[in-house]
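A quick write-up on the structure given underneath.
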Amino acid sequence: MSRRSTLGLLPWSVCFAVFGLIPLLAALVLSFYSMNPLRPDLTHWIGVSNYARAFRSPEFWHALRTTAIFVVGTLPVTLSLAYVVAALLSRLRRGETFFRAAIFFPATLSMVVISLIFKSLYAEQGLLNGWLAAAGMPRLHWLQDPRLALPSIMAMDVWASVGYYAILILAGRKTLPGEQLEAARLEGMGALEVERRIIFPHVRPVILFVVLLNTIRSFQIFIEVFVLTRGGPLDSTLTLVYHLYERAFYHFEMGYACAIAYILLLLVGLILLVQRRLIAKAPGDAAAA
Amino acid sequence: MGSRGHSVLGRALAVAVLALMAGGCGRSAGTKRTVVFWQFSPLAAIQPVLDRFKTEHPDMDVQVEQLTWQSGREKIVAAIAAGRPPDLCEVGSTFLPGLVADSTLIDLTDSIPDLMPTLRGWKVVEHRGRAYAIPWMLGTRALYANADLMKRAGLNPEDPPATWAAFARAVQRIDAIDPETKGFGMNSGEREVLFKKFMPFAWGNGGDILDSTLTKSVVASTQNIEALRFYLSLKPNSLLDRQEMLDEAFARGRLGFTISGPWLLRKLPTTAPELHFEVALMPRPAEGKGTPASFAGAEVLGIFRSSKHKADALTLARFLVREENAMPLYAATGNAFPAAAAAEQDTYFVSRPRDRVFVEQLRTAVAPPVHPRWVEIEEILNGELEEAIYGKKSAEAALRSADSRIEALLHATP
């Protein structure tokens, strides 16, 4: 690498070290300490006690379960919808640019803005209940009902992320040579067969990327919960990151919060490895591995 | 990078270093002492007050920063952890016990004996007889009544319900007007405010959270159970939602009654100019029984142990709590009332009877205990109240569970 390239990388490297690597390592160290940010002078080493405490805590397991439901509930729906939307966009003859922009639009909004929009949509007098009332159906307490609160946040999350992933998958589809599709059609393959045997294997690396990205994002769900429900009602939306936020900033248990963060990091890493292996192992794929 | 590039970069760095040095020289050469002050009011509201302070104290400057209610707590915690807290900081009363427990705030008792008789709200800042902050602004909630709905229900809006029985009847009658109206707005879906809405009924009935020594839970007292039973009896005729949604439903004329703060007084004339409403004291258990209690919150001024300019911070705090300096802040924001006792007689309230109700409500408002483990106590109480509101537990079961959990907490080793 030339000296100029090294210099070019320096600003990013410094930023990464200061805002990424050092905090990451500091959090790892902190997870073995009892640390109250209001009394840093009383910080002391407690070994793996924070980790042991997390595994004994029913609240931790509840938050993990809620997070898992969120991930399992949103990932397949987001992925399927993104794939279908990408397929539809690729078939458009006219207005593709407009629809692509429209579909991608939610990805340009901050999650806080999206959450605030959905907060009013889900309100007792909001648009959704207006539609239900117009259809002669009873109003629903979207964010007040413990059975509906998490699905409501999941629906919002799917809406917010489908466009972004659809564009990624669409980009993958666009790299497929037209001759290959033409040849498949000449061989008498139907549209579904072309999709299954030609296009899907081709975009599988992109799908793997989308799955990994969405898994990471979903495990980190925080803003939606913070803005919409604050973990309630009845802890029905208490996710792992919101739980660690509460422990850190309401109970001032910074070490314990860091331990939860590292458990989450390891868990996500493990799941990503499994996902990568599963998707890469699927028949007919060589590129995804 | 060529030599020309190096030279340009070198010159840019030199200019930056010189600029920084010049800035540093400017600060050290100046004669003014700077107090760093973090607070929650809009800068437009606080700045005129601080300008007056600077006129009165020409040797001092104030570096003010506005915190947000969403992230203010995190910012304060991070600043303390980093060893660079502001010199003077506005702190909410529910955040205060945690700071006191960790000895983060300095004990001001011996520095402010002269302020004791001039300010109200000392209970909010005192722990074991020592004051860890200075009350600045006091907040409470009162009963808002929709005058039009009261009329439609055959009730006299001039005579809002003053007892639990009258209140329950009024709630039922308004709820019966049509399916779109609800008698009362009951908080749900935001656990952190539940005790603030329920405890006024319990306090009014003679109940409390901890005993006077702060060593024993009295959450499962008969007074509290009676109050929670009454509170839950309102549920069938209530709209259950978050505070902002209840405020909005009240503004739309869909709620007969809601319990809210003075901020709604400022909001309603602009968001709902057609709405006719009254503000009244909270209902008491019965005629001649109990008090019309409410929740007392406060914005207090604290000085951290690691503050750099403690004496100057105290000078600024003393200035801010004076009636003539706190009153303009109330007039500008309408959120909380000056803790200065003299503010009660301010002419501002003569022409504003609705604001006056809040001043009266403050007399019977009760503050939660300043206990080192308040955050956990509050969490337990809110969690159990939520279970009761969602019908998972009876009033008695919820409060008994809260009682045993709080007892266990009080006797656990921290």
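The values are calculated or read from the model by the stated rules, or taken from the named source; none is laboratory data. These figures come from a predicted structure and were not determined experimentally. Cβ coordinates were reconstructed from backbone atoms using ideal geometry, including for glycine residues, and neighbour counts include every protein chain displayed.
Suppose the filter is on the phi < 0 side of the Ramachandran plot, in a helix (DSSP H, G or I) and modelled with pLDDT under 90; does A:LEU192 pass it?
Yes, satisfied.
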Cβ-Cβ distance below 6 Å, separation of 6 or more or different chains: which pairs start in region B:129-144 with a residue that is among the β-branched types (Val, Ile, Thr) and end on one that is part of a strand (DSSP E or B)? B:ILE134/B:LEU301; B:THR140/B:SER294; B:THR140/B:ALA296; B:THR140/B:ALA365
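When you go through B:ARG318, B:ARG356 one by one, which is the residue that is outside any strand (DSSP E or B) and either modelled with pLDDT under 95 or touching a Gly at 6+ places or on another chain (Cβ under 7 Å) (or both)? Steps first, answer last, please.
Details: B:ARG318 fails: either modelled with pLDDT under 95 or touching a Gly at 6+ places or on another chain (Cβ under 7 Å) (or both).
Only one candidate passes the filter, namely B:ARG356.
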Consider B:ASP114 carefully, then state whether it is in a loop (DSSP other than H, G, I, E, B) and surrounded by fewer than 24 Cβ atoms within 10 Å (Cβ to Cβ). no
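Residues checked against (1) surrounded by 24 or more Cβ atoms within 10 Å (Cβ to Cβ); (2) outside the structural domain of B:GLY288 (by TED's automatic domain parsing); (3) within 15 Å of B:MET282 (Cβ to Cβ); (4) not polar (S, T, N, Q):
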{"position": "B:GLY189", "(1), (2), (3), (4)": "yes, no, no, yes"}
{"position": "B:LEU210", "(1), (2), (3), (4)": "no, no, no, yes"}
{"position": "B:THR215", "(1), (2), (3), (4)": "no, no, no, no"}
{"position": "B:VAL218", "(1), (2), (3), (4)": "no, no, no, yes"}
{"position": "B:GLN223", "(1), (2), (3), (4)": "no, no, no, no"}
{"position": "B:ALA227", "(1), (2), (3), (4)": "yes, no, yes, yes"}
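Keeping to region A:208-253, report how many residues are among the small types (Gly, Ala, Ser), within 14 Å of another protein chain (Cβ to nearest Cβ) and assigned to a helix (DSSP H, G or I). Outline the logic, then answer.
We begin by selecting, within region A:208-253, every residue among the small types (Gly, Ala, Ser); these are A:218, A:231-232, A:236, A:248.
Restricting the remaining residues to those that are within 14 Å of another protein chain (Cβ to nearest Cβ) gives A:231-232, A:236, A:248.
Right, trim to assigned to a helix (DSSP H, G or I) and you get A:248.
Number satisfying all stated conditions: 1.
Can you tell which of B:ALA44, B:ALA82, B:ALA101 is within 14 Å of another protein chain (Cβ to nearest Cβ) and surrounded by fewer than 15 Cβ atoms within 10 Å (Cβ to Cβ)?
Numbers: B:ALA44 fails: within 14 Å of another protein chain (Cβ to nearest Cβ); B:ALA101 fails: surrounded by fewer than 15 Cβ atoms within 10 Å (Cβ to Cβ).
Just one listed residue meets the conditions, B:ALA82.
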Flagged in region A:85-143 as part of a helix (DSSP H, G or I), free of Cβ contacts under 8 Å to residues at least 40 places away in the same chain and of a type in the set (D, E, K, R), in numbering order, are A:ARG91, A:GLU96
Residue set B:TRP69, B:TRP122; condition in contact with a Gly (Cβ under 9 Å, 6 or more places away or on another chain) and not aliphatic (A, V, I, L, M); output residue B:TRP69
All but one of (1) more than 22 Å from the chain's Cα centre (by Cα); (2) within 30 Å of A:VAL203 (Cβ to Cβ); (3) crowded, with 21+ Cβ neighbours inside 10 Å hold for A:GLN144, so report the exception by its number. (2)
Residue set B:ALA142, B:ALA133; condition away from chain A (no Cβ under 14 Å), crowded, with 20+ Cβ neighbours inside 10 Å and more than 28 Å from B:LEU232 (Cα to Cα); output residue B:ALA133
Looking at B:PHE304, B:PHE337 in this structure, which one is touching a Pro at 6+ places or on another chain (Cβ under 6 Å) and crowded, with 23+ Cβ neighbours inside 10 Å? B:PHE304
For B:GLY204: the one exception among (1) surrounded by fewer than 21 Cβ atoms within 10 Å (Cβ to Cβ); (2) at negative phi: (1)
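Every residue in region B:104-128 that is more than 14 Å from every other protein chain (Cβ to nearest Cβ) and farther than 22 Å from B:GLU344 by Cα, please. Explain how you work it out, then say what you get.
Going residue by residue through region B:104-128, those that are more than 14 Å from every other protein chain (Cβ to nearest Cβ) are B:107-128.
Listed by number, the residues that qualify are B:ASP107, B:LEU108, B:THR109, B:ASP110, B:SER111, B:GLU126, B:HIS127, B:ARG128.
Of the residues B:PHE250, B:PHE201, which single one is among the aromatic types (Phe, Trp, Tyr), out of contact with any Leu (no Cβ under 7 Å at 6 or more places or on another chain) and within 14 Å of chain A (Cβ to nearest Cβ)?
Only one candidate qualifies: B:PHE250.
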Any residue that is within 22 Å of the chain's Cα centre (by Cα), modelled with pLDDT of 95 or more, away from every other protein chain (no Cβ under 14 Å) and surrounded by fewer than 24 Cβ atoms within 10 Å (Cβ to Cβ) - is there at least one of those in region B:151-159? no
Any residue in region B:41-55 that is part of a loop (DSSP other than H, G, I, E, B) and of a type in the set (Val, Ile, Thr)? no
Out of B:ALA313, B:ALA402, B:ALA395, B:ALA340, sole residue that is of a type outside the set (Ser, Thr, Tyr), in contact with a helix residue (DSSP H, G or I) (Cβ under 8 Å, 6 or more places away or on another chain) and under 30 Å from B:ASP87 (Cα atoms): B:ALA340
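Kindly evaluate A:LEU79 against the criterion of being closer than 26 Å to A:LEU264 by Cβ and modelled with pLDDT of 95 or more. Break it down stepwise before answering.
Values: closer than 26 Å to A:LEU264 by Cβ: yes; modelled with pLDDT of 95 or more: yes.
Taking the combined requirement at face value, the residue satisfies it.
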Among helices (runs of 4 or more DSSP H) lying entirely in region A:1-58, which contain 1 or more residues that are in contact with a Cys (Cβ under 9 Å, 6 or more places away or on another chain)? A:22-30, A:49-56
